[in-house]
Each structure stands twice: as C-alpha cells, then as structure tokens.
1. Among what's in the stretch 118-138 and is within 20 Å of F80 (Cβ to Cβ) and acidic (D, E), pick the residue that is least open to solvent (accessible area, probe 1.4 Å).
2. Could you grab me the full set of residues in the stretch 197-213 that are assigned to a strand (DSSP E or B) and open to solvent by 60 Å² or more (accessible area, probe 1.4 Å)?
3. Which of (1) polar (S, T, N, Q); (2) surrounded by 14 or more Cβ atoms within 10 Å (Cβ to Cβ); (3) assigned to a strand (DSSP E or B) is the odd one out, the single condition Q86 does not satisfy?
4. Which residue pairs have Cβ atoms under 8 Å apart, sit 6 or more places apart or on different chains, and have a first residue in the stretch 115-142 that is in a strand (DSSP E or B) and a second that is open to solvent by less than 40 Å² (accessible area, probe 1.4 Å) and basic (K, R)?
5. Taking the condition open to solvent by 40 Å² or more (accessible area, probe 1.4 Å) and out of contact with any helix residue (DSSP H, G or I) (no Cβ under 6 Å at 6 or more places or on another chain), does V164 pass?
6. Identify, please: which residue in the stretch 46-80 is out of contact with any Leu (no Cβ under 7 Å at 6 or more places or on another chain), under 23 Å from G132 (Cβ atoms) and among the hydrophobic types (A, V, I, L, M, F, W, C) and is, among those, most open to solvent (accessible area, probe 1.4 Å)?
Amino acid sequence: MRDQQGRGVRSRAAALAACVLTTTVLAAGATPAYAAADTERPTAPGPITVVAVDTTWIELTWAPATDNVGVVSYPVGVRFEDSGAQYSTDTTSIRITGLRPSRTYVFSVAAVDAAGNRSLSDPTVRVTMPPGDDQPPGAPGQPVAYDVAATLLWLRWAHSVENVALDRYEVFRVDAGGVLTRVSEVYQYPPGRNSTQISGLTPSTTYTFVVQARDEAGHLSPMSAPVTVTTLPPPPSCTIRSRVGQWPDGLVARLLVTNTGATAIDGWTMRWRFYAAQQLRSLWGAEVVDRDSSYLRVRNVRHNALIPPGGTVSLGFVATGSQPPEEVTLNGGSCTVAAE
C-alpha cells in the first residue's frame, strides 16, 4: 500500500514537472506581454568612438542606450556618398570590414528595444579611411568615338590598370594650344563604366579628347592617347509626301523626299516607325540598314544619294499591317510628313 502511494506521488510530481517544462518552453518562444505594451523609445546611444582603424576595416564602440524595459539590438549604418549598408549587434561595439582605402564614411548607431521602438537623434561619426595606395593608375586606353552626330558623340576606352581601386575617369577636350577642358567625369560606383556621352558640340567641327584616371588615394594616371573626331553636319530639313494604298493584308507606300534646306544632302539614311508585327515584303529606291522592334532604317542607293536643295527623291515599300510611315527622320533630322 505504501509503495503504491509512493508511486502515485512520484507520478503526480513527474506530471507537474512536465507541465512546468512545457510552460517554460512556450514562454521562451512567445512575445513577452510587456514588449507588446511598450511604446517608450530607448535613449540614443552615447557618442561613437573609433577604437581601431586600418585601410579596409574599422572598430567602433559607444556608450549604451537606456530603456524602460531593455535594449535588444544596435543597428549600425554605414554610408559613402549616395550608397550605404546596414549592420546590427547586440553589444556596444562592432568591427566592420570590406571598406575601401581613402574613402570618407559616415557611421551611425541606433538603439532598438524588444517592442521595436527605435531611438531618435542617433549619433554619427565621419571617418576618412587611411590611404592604402601609393601607386598611380596606368593610362586609360585610347578613346574610340562612336554614334557621332552633329552635336554629340560617345567615347569609350580600355580600363586603367589600378592596384587598389579607381575613383573616376576624367575626360578632357584638348583646345588650341593644348589647353585641357574637362567635359565629363565617369565615377566608378559601381565600377565598370568606361564610356560617356559628350554633348553640346558644334556641327561639322573637329575635336580632340583624352582620358585620365584618378584612384581613391587621389593619384592621377598619365593621359591616354588622344582621339580626334569631326562631328556631322547639321541634320537636313526635309518634307515627305506619302501615298499609301491599303490592301486586305497590308499596304503599299510611296514616299517623295524633298530637301528643304540650303545645303545638298550627299548620302542619306532614313528611319521611320515600323512595328515588330509588320513584315517588309519589298523595298525600292533604298536598301535596308537594320530594324528593331519599333523602327526600320534604310539608306540611299547609288542613283538617289544626292538630294540638292529643293530636290526630291522617291522610294517605296510593300509591307504587312496598316501602319503608314510616322516619326520619319533623315540623317537624324525630323521630316514633316503629309499625305499626297
């Protein structure tokens, strides 16, 4: 009888212990009631102190924030110019790696409690990383001009060889007497860009350009070899009379192109809207250069390359669809289109 009572006491004790254990586990995974009811923000952490710094890493510490319940984390922000990153720690110090030599970063620290309340007016510190570079970059490759127009062009070049990190490329126009005028800066954030557009140029004018690289320590490369390029003449002024005949599965279009400018057009390229669903069946008075999903581009044939002032040439095509030529350009200049 005593043994049965003993076993009963032990069974009730084991059940009570299991209940207590279950309650403890549930409590550990639940959100405390005080956290949900907590609306008070923590105070701002103390001023940030730089404990140690090298060319690519920094160690920071700060005085702890206070809270009516308790601070659970310190979000740490890192910003360089218009880019940034976020870190977090549950202590009052952090070591941040992967930084770049000679860059100036702004570090900030906030405090967050268990209810998600975040401190206000968080401290910041501005730090310029030590230089880790004592070598200038190599010279960029000689620029190449492309997509040259009357008032703008594009330049691209081979990248400089740099031992740490490039900051930017600077593009200069070489004026009379060798005077350099900076016309573009190509920053390397993110890295990889090695081209730029130069605008505001004068038609039918010859220009010379060079490129120089600057690394993040401020070292300058030698100048690239120069490139000399002449911009195109100003776009011609023109009018187009169109005669379009529709048929069940497409159209036949005849275009009369008139040079309304005072200068002869010697060789021309024409472009107009031509939708992806359309198919070109035939073309006369011109030959296809290329087409994409929105436009068709053609050029003159031998007998109609020259259009004198007031002169007219003709071309035509057969295509599927019902869309007549719109948004027509001749050598980059817009043409006025009217039905004949």
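The values are calculated or read from the model by the stated rules, or taken from the named source; none is laboratory data. Note that the structure is predicted; figures quoted are calculated from it, not measured. Counting neighbours? That spans all protein chains shown, and the Cβs are built from the backbone with ideal geometry, glycine included. Surface areas here come from the heavy atoms of the whole protein model, side chains and all, with no ligands, DNA or RNA. Shrake-Rupley method; radii C 1.70, N 1.55, O 1.52, S 1.80 Å.
1. Here the answer is D133.
2. The first filter runs over the stretch 197-213 and keeps only residues assigned to a strand (DSSP E or B), leaving 197-198, 206-213.
Once the filter is applied, which keeps residues that are assigned to a strand (DSSP E or B) and open to solvent by 60 Å² or more (accessible area, probe 1.4 Å), the stretch 197-213 yields Q197, T206.
3. In the conditions (1) polar (S, T, N, Q); (2) surrounded by 14 or more Cβ atoms within 10 Å (Cβ to Cβ); (3) assigned to a strand (DSSP E or B), Q86 misses (2) alone.
4. T128/R103
5. On the way: open to solvent by 40 Å² or more (accessible area, probe 1.4 Å): yes; out of contact with any helix residue (DSSP H, G or I) (no Cβ under 6 Å at 6 or more places or on another chain): yes.
Yes.
6. So, considering only residues that are out of contact with any Leu (no Cβ under 7 Å at 6 or more places or on another chain), under 23 Å from G132 (Cβ atoms) and among the hydrophobic types (A, V, I, L, M, F, W, C), the one most open to solvent (accessible area, probe 1.4 Å) is V53.
Let's see how each residue does on (1) touching a residue at least 24 places away in the same chain (Cβ under 8 Å); (2) exposed (fewer than 14 other Cβ atoms within 10 Å of the Cβ); (3) not in a strand (DSSP E or B):
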| residue | (1), (2), (3) |
| --- | --- |
| V298 | yes, no, no |
| H303 | no, yes, yes |
| V318 | yes, no, no |
| P325 | yes, no, yes |
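Residues checked against (1) more than 15 Å from P143 (Cβ to Cβ); (2) surrounded by 14 or more Cβ atoms within 10 Å (Cβ to Cβ); (3) in contact (Cβ under 8 Å) with a residue 24 or more places away in the chain:
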| residue | (1), (2), (3) |
| --- | --- |
| E170 | no, yes, yes |
| D175 | yes, no, no |
| V186 | no, yes, no |
| G192 | yes, no, no |
| A217 | yes, yes, yes |
| A225 | no, no, yes |
| V229 | no, yes, yes |
